[in-house]
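Just below is one structure, and these are the notes that go with it.
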Amino acid sequence: MSIKPITSKGTRDFSSLEVARRTYLKQLLQEAFETYGFQPIETPSFERLETLTGIYGEESDRLVFKIINSGEKVKKADVEALTQGLYQKFVHSLSEKALRYDLTVPFARYVAQHQNELSFPLRRYQIQPVWRADRPQHGRFQEFYQCDADIVGNNSLWQEIEMLSLYDNVFSKLKMDGVSIKINHRKILAGIVGFLGVESKLTSFTLTLDKLNKIGKEGVLKELQANDFSENALDTIEKLLELKGSTSEQLNTLEKLLVNQDDGLEGINELKFILSQLESSPLESVVLDFDITLARGLHYYTGMIVEVSAPETVKMGSIGGGGRYDDLTGKFGLKNMSGIGVSFGFERIYLVMEALELFPETLQTSANILFANFGDASVAIAYKYMNKLRSHGIACELYPNEVKLKKQLAYANDKKIARVILIGSQEIEKKEFVLKDMDTGIQISHPVKELLSLLIS
């Protein structure tokens with residue numbers, strides 16, 4: 001019985017053109033990272049399950065792809081837990097490893113594991129695939145690339161400015177006009193729950209607030225009510241969700257509200273410092289907006305948080321994000337290692353560039369030159385020149401069979417090969433070759449001794 005040829009849910013194949021475009025984007029990001037002094041690392045595609053759980057939050061933990069134990073280890077599965085309906089306990093007994101959910105937590109593990117070998121502050125970048133058992137939709141996949149840059153071992157606010165500048169640099173190079181960056185601070189959110197007298201509910205508050213774009217204001221208020229937020233608290237939150245005005249005006253309003261909340265005031269002052277420095281060295285292409293509703297649901301954020309939105313002309317949503325974390329490595333025994341990281345949503349940025357036609361038309365997806373096949377004598381001469389062209393870095397190929405020229409030219413058209421070299425019996429006799437331009441259809445004869453100089457130039 002034949003197997004239906006389809007990809008697994010949430011995954012994709014990539015054509016030659018798509019691979020060329022993805023390579024172009026990766027290289028541009030890599031160059032930007034290295035220009036800012038970041039150095040590359042790589043971590044394994046899977047980690048110990050205990051490494052990946054307990055940091056992202058309960059909802060995100062459920063999206064981690066578990067790897068089932070193999071061989072004799074399967075016998076260790078807690079079948080009794082399964083019969084009792086303790087599914088999480090059963091899963092953990094059946095699985096000891098998982099595919100990485102993101103690049104940040106494996107990086108934290110890396111830092112803790114290699115701390116004695118590293119120089120701090122450490123500037124690292126990473127471009128690798130990650131996996132999430134999420135519901136696939138436009139711009140959201142179960143296997144996708146993340147492109148992260150982090151600085152750990154330093155709590156200077158200038159690092160925040162560096163990260164915002166990095167975003168600006170990349171989107172300027174991509175010529176992606178209209179990108180906006182929302183900015184907020186987790187300490188401001190902590191100050192708000194402190195003002196409301198529900199300090200213990202910071203996690204549930206941020207997780208719910210993070211769903212604003214999905215469930216709307218009414219959905220957020222309803223979920224907070226279900227989490228025992230009082231009517232007075234809900235009234236205050238509703239007003240904050242409707243906060244308007246310039247960034248400066250909004251921060252001043254919050255400063256008055258949170259006058260007795262040290263965390264909140266610290267967050268406000270940090271944002272004011274960052275924004276004041278950017279006034280003297282403004283961002284070139286991205287627009288920076290304060291947004292009190294920005295929460296980023298991951299538990300490990302402690303300071304400035306950012307989220308990057310695509311140009312309004314493309315319906316895509318977030319194409320990047322990140323923030324400050326003060327103790328991400330603490331889980332691995334390395335305390336008080338402050339860091340900041342940002343991520344570029346590679347797959348979504350690709351889709352935006354495709355929609356806006358920002359990829360260079362000149363991206364090479366095949367050979368530049370095709371040598372037509374007119375039989376063994378023709379091929380012998382062709383190979384002599386092909387080897388020399390390749391030694392000069394010029395991509396070329398030979399049509400493998402002696403078939404009608406029409407078929408060979410159709411092949412060149414299909415692969416968008418710009419030029420075809422014709423060396424038939426007549427050309428061999430005359431010591432010539434014919435160069436055919438596939439765009440214009442013009443073909444011109446040249447002395448064969450000029451072939452290399454003509455094509456290399």
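The values are calculated or read from the model by the stated rules, or taken from the named source; none is laboratory data. All values reported here derive from a predicted model rather than from experimental measurement. Cβ placement follows ideal geometry from the backbone for every residue including glycine, while neighbour counts extend to all protein chains displayed.
Could you count how many residues in region 136-169 are small (Gly, Ala, Ser) and in contact with a Gly (Cβ under 8 Å, 6 or more places away or on another chain)?
So the count comes out to 3.
Quick grid of which residues meet (1) touching a Lys or Arg at 6+ places or on another chain (Cβ under 7 Å); (2) surrounded by 21 or more Cβ atoms within 10 Å (Cβ to Cβ); (3) of a type in the set (Val, Ile, Thr):
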residue: Met163; (1), (2), (3): no, yes, no
residue: Ile181; (1), (2), (3): no, yes, yes
residue: Lys187; (1), (2), (3): no, yes, no
residue: Gly194; (1), (2), (3): no, no, no
residue: Thr206; (1), (2), (3): no, yes, yes
residue: Leu209; (1), (2), (3): no, yes, no
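The residue of region 359-407 that is surrounded by the most Cβ atoms within 10 Å (Cβ to Cβ), among those that are in the same structural domain as Val434 (by TED's automatic domain parsing), charged (D, E, K, R) and within 21 Å of Gly441 (Cα to Cα), is Glu397. Taken over region 166-187, the criterion of being in a helix (DSSP H, G or I) and more than 23 Å from Tyr300 (Cα to Cα) is satisfied by Asp168, Asn169, Val170, Phe171, Ser172, Lys173. For region 339-365, a residue qualifies if it is in a helix (DSSP H, G or I) and closer than 30 Å to Arg324 by Cβ, and the qualifying residues are Phe346, Glu347, Arg348, Ile349, Tyr350, Leu351, Val352, Met353.
Looking across region 187-239, the residues that are of a type in the set (Asp, Glu) and out of contact with any Leu (no Cβ under 7 Å at 6 or more places or on another chain) come down to Glu199, Asp210, Glu218, Glu223, Asp228, Glu231, Asp235. Restricting attention to region 408-430, the residues being more than 18 Å from Thr362 (Cβ to Cβ) and either loosely packed, with under 11 Cβ neighbours inside 10 Å or within 38 Å of the chain's Cα centre (by Cα) (or both) number 4.
Inside region 176-227, residues that are in contact with a strand residue (DSSP E or B) (Cβ under 7 Å, 6 or more places away or on another chain) and within 13 Å of Leu241 (Cβ to Cβ) make up a count of 1. The number of residues in region 119-128 that are loosely packed, with under 14 Cβ neighbours inside 10 Å and not small (Gly, Ala, Ser) comes to 1.
For region 170-182, the count of residues that are over 16 Å from Lys272 (Cα atoms), among the small types (Gly, Ala, Ser) and at pLDDT below 95 is at least one.
Sort out which residues of region 35-54 are of a type in the set (D, E, K, R) and free of Cβ contacts under 8 Å to residues at least 60 places away in the same chain, and write them in order of number.
Let us first name the residues in region 35-54 that are of a type in the set (D, E, K, R), namely 42, 47-48, 50.
Once the filter is applied, which keeps residues that are of a type in the set (D, E, K, R) and free of Cβ contacts under 8 Å to residues at least 60 places away in the same chain, region 35-54 yields Arg48, Glu50.
When Ile340, Ile381, Ile369, Ile394 are checked against the criterion of being over 30 Å from Met176 (Cβ atoms), out of contact with any Leu (no Cβ under 7 Å at 6 or more places or on another chain) and modelled with pLDDT of 90 or more, Ile381 stands alone in meeting it.
Being touching a residue at least 60 places away in the same chain (Cβ under 8 Å) and surrounded by fewer than 20 Cβ atoms within 10 Å (Cβ to Cβ): is that true of Leu157 here? Criteria met by Leu157. Criterion applied to Leu328, Leu288 was being among the aliphatic types (A, V, I, L, M) and more than 15 Å from Ala108 (Cα to Cα), and the one residue passing it is Leu288.
When Leu224 is tested against (1) aliphatic (A, V, I, L, M); (2) crowded, with 16+ Cβ neighbours inside 10 Å; (3) under 26 Å from Asp168 (Cα atoms), only condition (3) is not met.
Per-residue answers, yes or no, for (1) part of a loop (DSSP other than H, G, I, E, B); (2) touching a Ser or Thr at 6+ places or on another chain (Cβ under 7 Å); (3) not charged (D, E, K, R):
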position: Ala367; (1), (2), (3): yes, no, yes
position: Ser378; (1), (2), (3): no, no, yes
position: Val403; (1), (2), (3): yes, no, yes
position: Lys407; (1), (2), (3): no, no, no
position: Ala412; (1), (2), (3): no, no, yes
position: Ile417; (1), (2), (3): yes, yes, yes
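In region 419-450, the qualifying residues are those that are touching a strand residue (DSSP E or B) at 6+ places or on another chain (Cβ under 7 Å) and assigned to a loop (DSSP other than H, G, I, E, B), and the one that is farthest from Gly375 (Cα to Cα) is Met438. Taken over region 167-207, the criterion of being of a type in the set (A, V, I, L, M) and more than 21 Å from Asp326 (Cα to Cα) is satisfied by Val170, Leu174, Met176, Val179, Ile181, Leu196, Val198. If the condition is being within 19 Å of the chain's Cα centre (by Cα), outside any strand (DSSP E or B) and buried (at least 20 other Cβ atoms within 10 Å of the Cβ), then region 307-338 contributes only Ala310. Meeting the requirement of 2 or more residues that are surrounded by fewer than 18 Cβ atoms within 10 Å (Cβ to Cβ), within 18 Å of the chain's Cα centre (by Cα) and not charged (D, E, K, R), the helices (runs of 4 or more DSSP H) wholly within region 10-66 are 16-35.
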